Amino acid sequence: MPTNSLLKATPGLYRGLVTGLESGACSARIEVRSAPGGCLTVDYEAASERHGLQLDGDLTWSWHWAEEGAEPRVMSRAVCRLTEF
């Protein structure tokens with residue numbers, strides 16, 4: 001979901017299908033919640049029958065966008081590991 005669309009998203013639970021180079025085909029669950037100050041929080045989870053939950057303690061989040069007339073591409077990417085603190 002593009003960021004500008006996400007900011008207009010109705011809070012709630014969204015379910016759908018994912019197809020991607022890293023994940024392959026799997027199902028996704030995205031929960032959008034209202035937060036103080038007009039913010040939204042987003043919880044994302046993807047799972048497949050073959051690979052199970054797609055996190056395994058690691059999380060990759062990519063932001064894609066494009067100039068007008070160009071194809072979207074990865075412009076920023078976060079690769080994170082589950083930590084205890």
Test: residue in region 49-57 that is in a strand (DSSP E or B) and within 20 Å of ARG15 (Cα to Cα): yes
Selection status of GLU22, at pLDDT 80 or above, loosely packed, with under 12 Cβ neighbours inside 10 Å, outside any strand (DSSP E or B) and not β-branched (Val, Ile, Thr): no
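The values are calculated or read from the model by the stated rules, or taken from the named source; none is laboratory data. What you are looking at is a predicted structure, and each value in this text was computed from that prediction instead of being measured. When we count neighbours, we look across all protein chains shown, and the Cβ atoms used for this are built from the backbone with ideal geometry, even at glycine.
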